[in-house]
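Undergrad: So that we are looking at the same thing, I have put the structure below in structure tokens.
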Amino acid sequence: MARASERLAANAGGPFYVDASCIDCGTCWQFDPAHFAPTGSTSHVWAQPQGDAETRAALLALQACPVAAIGTSRDLLALTPADGFPSLVVSLPQGEVHYCGWASRRSFGASSWLITRRRPDGNADNLLIDSPRWSAALARRIEALGGVSRILLSHRDDVADHQAWAKRFGAERWIHSADAEAAPQAEHRFEGTEPIRLDADLLVLPVPGHTAGSVAVLFAKQVLFSGDHLWWGVDPPGVVASQRYCWWNWPEQLRSVERLLDLDVRWLLPGHGRWHNFTPGEWRRELEATLARGRQGPGGEP
Ligand code: SF4
């Protein structure tokens with residue numbers, strides 16, 4: 001629970017605030033950049049929400065915060081939507097992609113995603129990409145959308161409450177063998193560095209570098225769930241591969257970036273950092289710029 005007595009001085013005046021318990025995970029400003037922004041070491045409210053729609057967005061950012069560092073008045077808290085997450089991000093003929101909110105401190109606030117889709121027989125075949133923190137309220141919403149049949153874990157850092165989600169929905173988990181010690185209960189392992197086709201719309205792309213067992217997941221040839229391999233940066237804008245946050249092998253991570261050049265990604269949905277919607281052909285141009293910066297070392301990093 002955020003404390004008004006710990007309210008950071010950087011917050012704009014008004015009912016919403018970030019307090020000193022912020023761990024600077026970025027969840028709030030990735031989800032609601034109209035009201036939250038980084039300061040360099042924490043987040044803060046840079047603009048107070050106006051009107052119902054903006055207040056709803058700020059309340060959902062508050063709900064998503066992994067450490068309850070966002071506070072507001074009791075009256076506004078009572079308006080927190082019960083149906084805010086999962087929140088629809090992309091709708092395609094092959095299925096819909098939702099942001100799960102409810103970030104976990106155990107994955108440093110990483111984003112997790114839900115793909116909802118139907119098999120030809122009409123039954124749901126939904127997937128979680130990485131794990132939100134356990135929430136019975138979120139589980140009820142996901143159940144109404146058809147539950148979860150599989151959980152694909154992008155890498156060792158973002159497994160959070162996979163045990164609780166797998167148990168709740170009887171879902172089978174996948175993780176790369178090189179990161180499997182983070183989720184030894186997972187029923188399946190990805191192996192090697194070659195792409196692994198799970199079905200017509202799901203391609204798993206091993207991208208070792210950030211960790212030895214990092215994978216990206218390509219849905220419907222255009223939505224790339226990138227874990228912490230890549231994300232969208234805003235200052236300056238562009239795709240970021242971070243040497244600063246590379247925990248395993250930077251030259252290997254650059255080779256993993258090169259292997260994604262021939263995709264035509266339209267949506268980049270990472271674990272950390274901003275999401276981004278690309279125009280046709282933009283992906284390759286951006287990724288070539290990312291590689292050029294990456295070969296300069298950390299000095300080329302935005
Ligand atoms: S979501 Fe919470 S912990 Fe993360 S940056 Fe925002 S206020 Fe800080």
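The values are calculated or read from the model by the stated rules, or taken from the named source; none is laboratory data. Owing to the predicted nature of the structure, the values given are computational and were not obtained by experimental measurement. Note: ideal-geometry Cβ built from the backbone for every residue, glycine included; neighbour counts use all protein chains shown. The accessibility values were calculated without ligands, DNA or RNA, using every heavy atom of the protein model including side chains. Shrake-Rupley method; radii C 1.70, N 1.55, O 1.52, S 1.80 Å.
Undergrad: Within segment 49-88, can you find the residues that are in contact with a Lys or Arg (Cβ under 9 Å, 6 or more places away or on another chain), of a type in the set (A, V, I, L, M, F, W, C) and surrounded by fewer than 21 Cβ atoms within 10 Å (Cβ to Cβ)?
TA: Within segment 49-88, V67, L79, A82 meet the criteria.
Undergrad: In segment 161-185, how many are more than 19 Å from L203 (Cβ to Cβ) and either modelled with pLDDT under 95 or outside any helix (DSSP H, G or I) (or both)?
TA: The total comes to 6.
Undergrad: All but one of (1) crowded, with 16+ Cβ neighbours inside 10 Å; (2) within 12 Å of the ligand (Cβ to nearest atom) hold for L92; which doesn't?
TA: Unmet for L92, out of (1) crowded, with 16+ Cβ neighbours inside 10 Å; (2) within 12 Å of the ligand (Cβ to nearest atom): (2).
Undergrad: Answer yes or no as to whether R74 is away from the ligand (no atom under 16 Å from the Cβ), over 30 Å from Q50 (Cα atoms) and not aromatic (F, W, Y).
TA: no
Undergrad: Y17 is checked against (1) within 11 Å of the ligand (Cβ to nearest atom); (2) open to solvent by 60 Å² or more (accessible area, probe 1.4 Å); (3) over 30 Å from S226 (Cβ atoms) and fails just one. What number does that condition carry?
TA: Result: Y17 fails condition (2) only.
Undergrad: Could you tell me whether E187 is in contact with a strand residue (DSSP E or B) (Cβ under 9 Å, 6 or more places away or on another chain), surrounded by fewer than 16 Cβ atoms within 10 Å (Cβ to Cβ) and within 23 Å of L291 (Cβ to Cβ)?
TA: When the stated conditions are applied, E187 does not pass them.
Undergrad: Given the options A61, A103, A68, A57, name the one that is in contact (Cβ under 8 Å) with a residue 12 or more places away in the chain, within 14 Å of the ligand (Cβ to nearest atom), in a loop (DSSP other than H, G, I, E, B) and not assigned by TED's automatic domain parsing to the domain that holds H188.
TA: Within the list A61, A103, A68, A57, the selection yields A68.
Undergrad: So W248 passes all but one of these: (1) open to solvent by less than 20 Å² (accessible area, probe 1.4 Å); (2) assigned to a loop (DSSP other than H, G, I, E, B). Which condition number does it fail?
TA: (1)
Undergrad: Do we have W29 as within 10 Å of the ligand (Cβ to nearest atom) and open to solvent by 30 Å² or more (accessible area, probe 1.4 Å) here?
TA: Yes.
Undergrad: Just wondering, is there one or more residues in segment 230-242 that are among the hydroxyl-bearing types (S, T, Y), in a helix (DSSP H, G or I) and open to solvent by less than 10 Å² (accessible area, probe 1.4 Å)?
TA: Scanning segment 230-242, I find no residue that is among the hydroxyl-bearing types (S, T, Y), in a helix (DSSP H, G or I) and open to solvent by less than 10 Å² (accessible area, probe 1.4 Å), so the answer is no.
Undergrad: Also, quick follow-up: Return the residue satisfying two criteria in turn: it lies in segment 32-54 and is touching a residue at least 12 places away in the same chain (Cβ under 8 Å) and among the aliphatic types (A, V, I, L, M), and of such residues it is nearest to the ligand (Cβ to nearest atom).
TA: This residue is V45.
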